[in-house]
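> One structure is given below, represented as structure tokens, and several questions about it will come after.
What follows draws every value from the coordinates through simple rules; no lab data is involved. This one's a predicted model, so the numbers in the text were calculated from it and none came from an experiment. All Cβ positions, glycine included, derive from the backbone under ideal geometry; neighbour counts span all protein chains shown.
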Amino acid sequence: MSDFITQFQFVFLESERYQLVLQGLLATLEITFFAVLIGIVLGTLVASVRSTYDKNQEELKKHGGIGYFALAVANVICKIYLTVIRGTPAVVQLLIAYFIIFASSNNDIQIAIFAFGVNSGAYVAEIIRAGIMSVDNGQFEAGRSLGFTYVQTMIYVIIPQMVKNVLPALCNEFIVLIKETSVAGYIGIMDLTKAGDLIRGRTFSAFLPLIGVAAIYLFLVMILTWLVGKLERRLRVNER
Amino acid sequence: MMWLSSMIGDFRFVFLDSNRYMLVLEGLFVTLEITFFAVLIGIALGILVASVRSTYDKNEEALKKQKGLGFYALYIANAVCKIYLTVIRGTPTVVQLLIAYFIIFATSTSDVNIAIFAFGLNSGAYVAEIVRAGIMSIDNGQFEAGRSLGFTYAQTMWYVIIPQMIKNVLPALCNEFIVLIKETSIAGYIGIMDLTKAGDLIRGRTFSAFLPLLGVAAIYLVLILMLTYMVEKLERRLRVNER
């Protein structure tokens, strides 16, 4: 036991190495938080285009017109975006962002936020699209038959119900991204995982740094999972 | 057409000079090797964990009354499985890979085997949930019918539940293979020459990032699109004899 305490002191307290872990944790949370924000914005945009196209396709096809072509082109772009992002690993996307798209930038964390945000957007888009599709079509027809336009029906009838369905899944996306961002060290970002790896290299002792980092991730993910579970139960209270 | 000829020149320099395409092929092979064996471990482990978890869930009350050794053994196995699931699903794969590489197999030199172990262990947790969901998705009436015809619990599982479960679960298991192809791209974190690392290495050697990285991305994309298409085909085939 005293051996363990000395080891702990050596690994984490000497030369204030715990500061590395704290900085890494901060970087991980920073990347995750802003990436989720970008992901939600991008995902909502893509999901709107995709479901607007799906719902209005037949009607617009009859009119032809510039609106139809604009929407059809936007829909195709969204589809390509989804296929490419979901068909390649996040690490490769990160490398492409780092070495090709932002080759001249030296702000690594912002590059990671961009890469993980674009990656997350594809998954959020599918969550939101599933949320829109999960609202019964009768709700949509009721809105339209009461004289709402397509946009009004969406804003006042569909989206409020969709948000309730989708919120827990979006929070889960945050949890997934916390784990996902651990690959940021691949391009040399000092996130939580890299901090543990760095301490391992400096102390020549692998056990405590890596298990410590794993414990922090586990703790974070378990707390957040518990909170999402609670949110889910709260949202279900007023259901019939 | 200037850009085309310069593109071809770049392509030659990046992939053909000093046989650098061999690095890509070797990397692709390593990626597929790790993925394939990791999926095998994952399926074996996942089925084991799912069996324990659902046997416990289905027989909990009956066994609690008897309070024999069987109940305690199952109870402990169930608790172990739960901890395994929580820990594996609560920590990033990279961290698990680092722990396998620097702690569990610190003395081993076969990096690919370590990666297969780490990704297999990781995949097992996700497969376990897939299989458990598959078992739970079978209507309880099927289970009751088996039992009321005189089958034991194990017989009911073997002859009635599992054959139906496999049909539900097969596409999801194939998807797990697709997910793992993407997951294993982090193997380069511990210096394994997988497909991603091969692209990264060529980038470092040629000082040109565009072609190596996009080439690697294209290979992943083609692989995954092909496999997704095949899984969809399988799914449609499995649905043919449904009412």
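> Provide the descending list of Cα extents for segment A:200-240 along its principal axes, expressed in whole angstroms.
59, 11, 7
> Enumerate the calculated ³J(HN,Hα) couplings along segment B:137-150 in order (Karplus 6.51 cos²θ - 1.76 cosθ + 1.60, θ = phi - 60°), each rounded to whole Hz, writing x wherever the residue is Gly or Pro.
6, 6, 3, 4, x, 4, 5, 5, 4, x, 5, 6, 8, x
> Helix-only mean residue ellipticity at 222 nm, the protein assembly as shown, DSSP H runs n ≥ 4 weighted -39,500 (n - 2.57), per residue, nearest 500. What is it?
-26500 deg cm²/dmol
> Cβ under 13 Å from A:Glu232's Cβ, A:Glu232 left aside: what net charge do those residues give with Lys, Arg +1 and Asp, Glu -1?
After counting each charged neighbour, the total is +4.
> If amide hydrogens are placed 1.01 Å from N in the peptide plane, which non-local residues have theirs closer than 5 Å to the one on A:Thr88?
Amide H neighbours of A:Thr88, under 5 Å, 5+ apart: none.
> Please compute, for peptide B:82-92, the average count of beta-carbon atoms on other protein chains lying within 10 Å of each residue's beta-carbon.
5
> Pairing the Cα long axis of helix B:69-90 with the longest principal axis of chain B, what angle in degrees results, from 0 to 90 and rounded to the nearest 10?
30 degrees
> Of the peptides A:166-176, A:9-19, A:113-123, how do they stack up when ordered by the mean number of other Cβ atoms within 10 Å, highest first?
Highest to lowest by the protection proxy: A:113-123, A:166-176, A:9-19.
> Calculate one ³J(HN,Hα) per residue across segment B:121-135 by plugging θ = phi - 60° into the Karplus curve 6.51 cos²θ - 1.76 cosθ + 1.60, and present them in order as whole Hz with x for glycine and proline.
4, 5, 4, x, 5, 6, 4, 4, 5, 4, 5, 4, 4, x, 5
> In whole Hz, what ³J(HN,Hα) sequence does segment A:146-162 give by Karplus (6.51, -1.76, 1.60; θ = phi - 60°), x for Gly and Pro?
With the stated coefficients, segment A:146-162 comes to 8, x, 5, 6, 4, 5, 4, 4, 4, 5, 8, 10, 7, 4, x, 6, 5 Hz.
> Work out the mean other chain Cβ neighbour count within 10 Å for the residues of B:12-20 and drop it here as an integer.
Counting other chains' Cβ atoms within 10 Å and averaging over B:12-20 gives 0.
> I've got another one for you. Over chain A, how many percent of alpha carbon pairs lie in each 10 Å bin up to the one with the longest distance?
7, 24, 27, 20, 13, 6, 3, 0
> Still on this structure, I have one more. Over segment B:23-239, what is the relative contact order in whole percent, taking alpha-carbon pairs under 8 Å and six or more residues apart?
Over segment B:23-239, the number comes to 31 percent.
> While we're here: If I histogram all Cα-Cα distances within the protein assembly as shown using bins 20 Å wide from 0, what percent of pairs lands in each bin?
Once binned at 20 Å, the Cα pair distances of the protein assembly as shown give 19, 51, 27, 3, 0.
> Considering every residue in B:218-224, what mean count of other chain Cβ atoms within 10 Å of its Cβ is obtained?
4
> Quick one: which of A:20-31, B:155-166 comes out on top by average Cβ neighbours within 10 Å, and what's the full order, highest first?
Descending mean neighbour count gives A:20-31, B:155-166.
> Over all distinct alpha-carbon pairs, what is the Kirkwood Rh of segment A:100-218 in angstrom?
17.6 Å
> Two-decimal Rg/Rh of segment B:23-239 from alpha-carbon positions, Kirkwood Rh?
Rg/Rh: 1.07.
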